[in-house]
1. Got the relative contact order for the chain handy, in percent, Cα pairs under 8 Å and 6 or more residues apart?
2. Once ligands and nucleic acids are excluded and a 1.4 Å probe is used, how much of residue 105 is accessible, expressed in Å² to the nearest 10?
3. Of all chymotrypsin sites (Phe, Trp or Tyr not before Pro) in segment 1-80, which ones are in loop regions per DSSP and have a Cβ with at most 12 other Cβ atoms within 10 Å?
4. Under a 5 Å amide H to amide H cut-off, with H placed in plane at 1.01 Å, what residues pair with residue 93 once short-range neighbours are removed?
5. Can you match semi-axes √(5λ) of the Cα gyration tensor in Å to one of these, (i) 28, 21, 18; (ii) 25, 20, 13; (iii) 30, 16, 12, based on a calculation from the structure here?
6. Does anyone have the angle between helix 51-66 and the longest principal axis of the chain? Alpha-carbon axes, 0 to 90°, nearest 10?
7. Per residue, what accessible area does segment 19-93 have, given a 1.4 Å probe and all protein chains present, in Å²?
8. Applying 1/(1 + (r/R0)^6) with R0 = 22 Å to the Cβ-Cβ distance of residue 114 and residue 74, what FRET efficiency is obtained, to the nearest 0.05?
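The values are calculated or read from the model by the stated rules, or taken from the named source; none is laboratory data. In this text, all values refer to a predicted model and were calculated from it rather than measured experimentally. Here the Cβ positions follow ideal geometry from the backbone for every residue, glycine too, while neighbour counts run over all protein chains shown. Protein only, heavy atoms only, side chains kept; ligands, DNA and RNA dropped before computing areas. Shrake-Rupley method; radii C 1.70, N 1.55, O 1.52, S 1.80 Å.
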Amino acid sequence: LAFLGPLAPEDLERVTALTPPPAAPFELVLDRLGLWDRSQVLWLAPSQIPSELVELERRLWDRLVELGFERERRPYLPHVTLARKARAVRGRAAPVDWRVSGFALVESRTGPRSSRYEVLRHWSFPAG
């Protein structure tokens with residue numbers, strides 16, 4: 001939803017204490033496989049971005065801007081990273097139906113051989 005880059009401890013504390021924007025659960029279908037050649041990232045993304053996801057991303061950035069963060073200038077491209085250092089895309093991916101019922105603050109640490117992801121905080125949507 002929002003890439004923040006490296007955070008100072010005080011910035012991380014402010015993000016962790018964030019009051020989430022209002023949202024209800026929605027369906028997301030990840031059905032598009034792709035590769036960013038320059039970064040060699042293999043990804044899976046939705047071919048149709050639900051309006052609920054677009055609205056959630058906008059409202060989350062509104063909250064982050066209120067906390068003093070600068071809004072991302074690149075267009076929002078929702079995706080799930082499948083692999084790094086990929087060289088080619090072969091075949092197709094079976095669609096993945098995902099019921100989105102919240103979001104998380106995730107720290108990623110990219111190492112020379114692999115990446116590690118750690119969930120620092122999770123926010124759930126009210127049941128709807």
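1. Numbers: 187 pairs, mean separation 41.6, N = 128.
After rounding, I find 33 percent.
2. 20 Å²
3. Values: sites: 3, 26, 36, 43, 61, 69, 76; in loops: 3, 69, 76.
Within segment 1-80, the qualifying chymotrypsin sites (Phe, Trp or Tyr not before Pro) (loop, at most 12 other Cβ atoms within 10 Å) are 3.
4. Amide H neighbours of residue 93: 33.
5. Correct label is (ii).
6. It works out to around 50 degrees.
7. For segment 19-93, the per-residue accessible area is 69 Å².
8. Working: r = 25 Å, r/R0 = 1.15.
Plugging the Cβ-Cβ distance into 1/(1 + (r/R0)^6) gives 0.30.
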